[in-house]
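For reference, the structure is listed below as C-alpha cells.
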C-alpha cells in the first residue's frame, strides 16, 4: 500500500502489471488504456487477414456463416464499448 496522488493504492507485492495499469488509469484516465491501440491493430491486420482466409478456405459453409455472424456481433459490441469508454466523463 502506498500513497499516490493523495490516494492510498493497494498493490500486491510483485504485481508489476496491476501497478502499471493503476498508474495509467490515475494519470490519464480510461483514455490512456486505449493509447497505442490503433498502431497495434494496423500491425496485426495482415495476420488476421491470412487467418481469415485460411478459415474461409477450409470450413464448411454452415459453420462459416455462424462464425461470421459471431464475429460481427463481437466487433459491434467491442466498438460500442470502446466508444463508451472513450466518451466516459
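Odds and ends about this structure:
- Extension gain (nm, one decimal) between residue 86 and residue 30, 0.36 nm per residue minus Cα-Cα: 19.5 nm
- Note on residue 37 and residue 68: the extension gain reaches 8.8 nm, defined as 0.36 nm multiplied by sequence separation minus the Cα-Cα distance.
- Here residue 22 and residue 58 are evaluated by their C-beta separation; at R0 = 41 Å the FRET efficiency comes out at 0.45.
- Residue order for 26, 54, fewest other beta carbons within 10 angstrom first, comes to 54, 26.
- Packing-based exposure ordering (other Cβ within 10 Å, fewest first) of 64, 44: 44, 64
Read the figures in this text as sums done on the coordinates, not as results from a lab. Fair warning: this is a prediction, and the values are worked out from it, not measured in the lab. So basically every Cβ, Gly included, is an ideal-geometry build from the backbone, and we count neighbours across all protein chains shown.
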